[in-house]
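Accompanying notes for the structure given below.
Just so it is clear, none of the values below were taken in a lab; they were calculated from the coordinates. Source: prediction; values computed, not measured. Glycine also receives a Cβ, built like all others from the backbone with ideal geometry; neighbour counts cover every protein chain displayed.
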Amino acid sequence: MNTNETIKIRRLLSSSKNIVIVTHKNPDGDAIGSSLALYHYLISFGHDVTVITPNDYPLFLKWMPGEHTILKYDSNTKIALTKIEKADLIFTLDFNHFSRSGDMEHVLAKAEAAFVMIDHHQQPDTYAEITYSAPNMSSTCQMIYHFIEKLNDLDKITPEIATCIYVGVMTDTGSFRYRSTTSITHRVIADLIDKGADNTEIHENIYDTNTLSKIQLKGIALNNLKVLPEYKTAFITISQKELDQHNFKKGDTEGFVNFGLSIKGIKFAAIFIENKGEGIIKISLRSKGSFSVNEFSRNHFEGGGHHNAAGGRSNLSLSNTVEKFISILPTYKKVLNQ
Ligand code: 5GP
Ligand code: MN
């Protein structure tokens, strides 16, 4: 965000406004954390603020400060539409293309409000009046911290805001280990702890939430893990039947894709999860080093994301999706073996 944009934002926020904050479909810790942090910040100025998610999110996020105020578009469509209709300003957080908002895509495309995008994914679309895009940033949550910093309001960060920002930085960096974690990220985190984020409690709330069936589903995933040494690739499949047998709830498979990547020598990991309800296979992709899963997903699986973490989908059956995946790998043999 440059100085002109900062001035523009300041002007937009100088009188009270009806504001809607929207996340991507299947919101994660960064999407919910950044939205709620911005929510708390904006309501402190007297704005009318509503966070709207396209659909539900995992139970392990349902303790966050302000979470109970979130409107889910798929189950609260009418109120959500009214809020969007009345909005002067719509912030889109942690995504940069309307298509990432599921059924809200066409609603957002028609909305009259001015848009502000705050996001750290590659190749942002051009729908927003103000685009704050930083693809190298650890998380949208870290961007919210810098957004507040640019508005000279760091002293307005309450323990609630600090907690929300902390969550997204933590979840999007694999607890501060991915390449996107810089010394500035750590300085931001240190300041959030000073401002009241309880780091131990946050880690417990997010990560120590297993149930027996969830751990057993992890066992299924590990059992299904396959390695293709010639491509330095590992992948996992989980069928709808396996999910059903383990009382699957949204978020239960989060992080499973990393099992493959934790094997010594593996550069590329994938997980294919059958979703009979939506009639798709949801795909998560991770890599280490120069191989871009963002490009791979854009080219073959209708998705995208970041260089080393991306997602996508397939309309084929689970086994045909895996077959397609394996058939593509020879094209990338050289880069995967670099
Ligand atoms: P995950 O595998 O954890 O669902 O997503 C990894 C990264 O890829 C996240 O930054 C997420 O926003 C992005 N992503 C996941 N699924 C999709 C998709 O279908 N399309 C695009 N463009 N990005 C995705
Ligand atoms: Mn993110």
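The fraction of all Cα pairs in the range 1-148 landing in successive 10 Å bins from 0 to the largest distance is 12, 47, 36, 5, given as whole percents. Only helices enter the 222 nm calculation for the chain: every DSSP H run of n ≥ 4 contributes -39,500 (n - 2.57), and dividing by all residues gives -11500 deg cm²/dmol, rounded to 500.
What share of the DSSP beta bridges in the chain is antiparallel, in percent to the nearest 5? For the chain, the DSSP antiparallel bridge percentage is about 40. Within the listed set L212, L59, L93, the residue fluctuating most in the Gaussian network model of the chain (springs between alpha-carbon atoms under 10 angstrom) is L212. Exceedance of the 26 Å cut-off in Cα-Cα distance is limited, within the set K288/K324; K150/K250; K8/K62; K72/K156, to K150/K250; K8/K62; K72/K156. Rounded to the nearest 5, the antiparallel percentage of DSSP beta bridges internal to the range 88-230 is 0%.
What is the sum of charges around D94, taking Lys and Arg as +1, Asp and Glu as -1, for the other residues whose C-beta is under 12 Å from the C-beta of D94?
In short, -2.
For a modelled paramagnetic label at D244, 7 Å from Cα along Cα-to-Cβ, the residues of the range 273-299 in reach, with backbone nitrogen under 11 Å, are 276-277. Candidates Q245, N152, I7 compared by Cα position along the dipole of the chain: farthest toward the positive end lies Q245, with charges placed on Cβ.
Output the direction-averaged projected area (hull surface divided by four) of the convex hull of the alpha-carbon atoms of the chain, in nm². Before the final figure, lay out the partial values.
Working: hull surface 66.7 nm².
If I average the Cα hull's projected area over directions, I get 16.7 nm².
Gain on full extension, evaluated as 0.36 nm per residue between R11 and D88 minus their Cα-Cα distance, stands at 26.4 nm.
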